[in-house]
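Values in this text are rule-based calculations from the coordinates and carry no lab data. What you see is a predicted model, and the numbers here were worked out from it, not measured in a lab. Glycine gets a Cβ as well: all are built from the backbone with ideal geometry, and neighbour counts include every protein chain shown.
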Amino acid sequence: GIQVEQSPPDLILQEGANSTLRCNFSDSVNNLQWFHQNPWGQLINLFYIPSGTKQNGRLSATTVATERYSLLYISSSQTTDSGVYFCAVARSNTGNQFYFGTGTSLTVIP
Amino acid sequence: NAGVTQTPKFRVLKTGQSMTLLCAQDMNHEYMYWYRQDPGMGLRLIHYSVGEGTTAKGEVPDGYNVSRLKKQNFLLGLESAAPSQTSVYFCASSIWSGTGKYFGPGTRLTVL
């Protein structure tokens, strides 16, 4: 399989602060997705980003596939951003075997 | 539009019992997936389906069976539950593998 490492494993932020989450992967991939799991366990797809940069409100993501990493930026964090952020990768854009990292647990305190 | 729903939300089984988890989606997605999530770990793919009548093995398929008789439903079966199958099970669907996945709320299963 593909090894997916996420850092940091845990992060505590004051509301309003910015943060960068990192995802490193061990092999070439053509599919990369970021997910947020809220404190109630619900998983939400944030970005499908095999390469390049995307932005959605206060969140943005950048993937540099040639260097095998992706970054998730959270600006002006809010308490509702708390939860676990997962990165998942797949070798092929038509493949279904996604490999998940162990996540970054984010706690935003007011 | 309910999205992806899972039944049941919680279940406790004794070792050796069987059960079926139901996943339903109303988005007309072709692809459906079953994952398990264990404490401190990411999700691992159990089985998936690329369309009605098709199923395929994922990363951790042993001890599970699946069926996709109707496009909107994906069933996960445990024929003889083991304590190692205690986990949270998530179903997901997507238009195809290259698009974002929509997840159900999860089923928390405990096998005693």
Completion exercise
Looking across region B:61-84 at residues that are surrounded by 15 or more Cβ atoms within 10 Å (Cβ to Cβ) and either closer than 24 Å to residue A:89 by Cα or in contact (Cβ under 8 Å) with a residue 60 or more places away in the chain (or both), the single one that is nearest to the other protein chains (Cβ to nearest Cβ) is B:61
Fill in the blank from the handout: For residue A:52, the lone unmet condition from (1) within 14 Å of chain B (Cβ to nearest Cβ); (2) farther than 21 Å from residue B:43 by Cβ is (1)
Practice task
Answer yes or no: is there a residue in region A:9-16 that is surrounded by fewer than 21 Cβ atoms within 10 Å (Cβ to Cβ), in contact with a Leu (Cβ under 6 Å, 6 or more places away or on another chain), over 23 Å from residue B:3 (Cα atoms) and among the aliphatic types (A, V, I, L, M).
Solution key: yes
Handout entry: residue A:50 being part of a loop (DSSP other than H, G, I, E, B) and surrounded by 15 or more Cβ atoms within 10 Å (Cβ to Cβ)
Key = yes
Practice task
Restricting attention to region A:20-43, report how many residues are farther than 12 Å from residue A:70 by Cα and in a strand (DSSP E or B).
Solution key: 4
Problem - Test set (1) in contact with a helix residue (DSSP H, G or I) (Cβ under 9 Å, 6 or more places away or on another chain); (2) in contact (Cβ under 8 Å) with a residue 60 or more places away in the chain - residue B:27 fails condition number - result: (1)
Handout entry: Lone qualifier among B:51, B:42, B:63, B:58 - being of a type outside the set (A, V, I, L, M) and more than 21 Å from residue B:102 (Cβ to Cβ)
Key = B:63
Practice task
Could you tell me which numbered condition residue B:24 fails, if it satisfies all but one of (1) of a type in the set (Gly, Ala, Ser); (2) in a loop (DSSP other than H, G, I, E, B); (3) farther than 22 Å from residue A:33 by Cα?
Solution key: (2)
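Residues checked against (1) within 14 Å of chain B (Cβ to nearest Cβ); (2) free of Cβ contacts under 8 Å to residues at least 60 places away in the same chain:
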{"site": "A:15", "(1), (2)": "no, no"}
{"site": "A:31", "(1), (2)": "yes, no"}
{"site": "A:34", "(1), (2)": "yes, yes"}
{"site": "A:39", "(1), (2)": "yes, yes"}
{"site": "A:48", "(1), (2)": "yes, yes"}
{"site": "A:72", "(1), (2)": "no, yes"}
Exercise for the section: Scan region B:28-75 for residues that are small (Gly, Ala, Ser) and in a strand (DSSP E or B) and jot them down. Expected result: B:49, B:56, B:67
Exercise for the section: Would you please list the contacts, defined by Cβ atoms under 6 Å and residues six or more apart or on different chains, that run from a residue in region A:50-67 that is in contact (Cβ under 8 Å) with a residue 24 or more places away in the chain to a residue that is crowded, with 17+ Cβ neighbours inside 10 Å and aromatic (Phe, Trp, Tyr)? Expected result: A:61/A:34; A:61/A:47
Exercise for the section: Could you list all residues from region B:30-59 that are within 22 Å of residue A:25 (Cβ to Cβ) and more than 10 Å from every other protein chain (Cβ to nearest Cβ)? Expected result: B:36, B:38, B:46
Completion exercise
Picking from A:4, A:84, the residue that is under 24 Å from residue B:90 (Cα atoms), within 10 Å of the chain's Cα centre (by Cα) and facing chain B (nearest Cβ under 10 Å) would be A:84
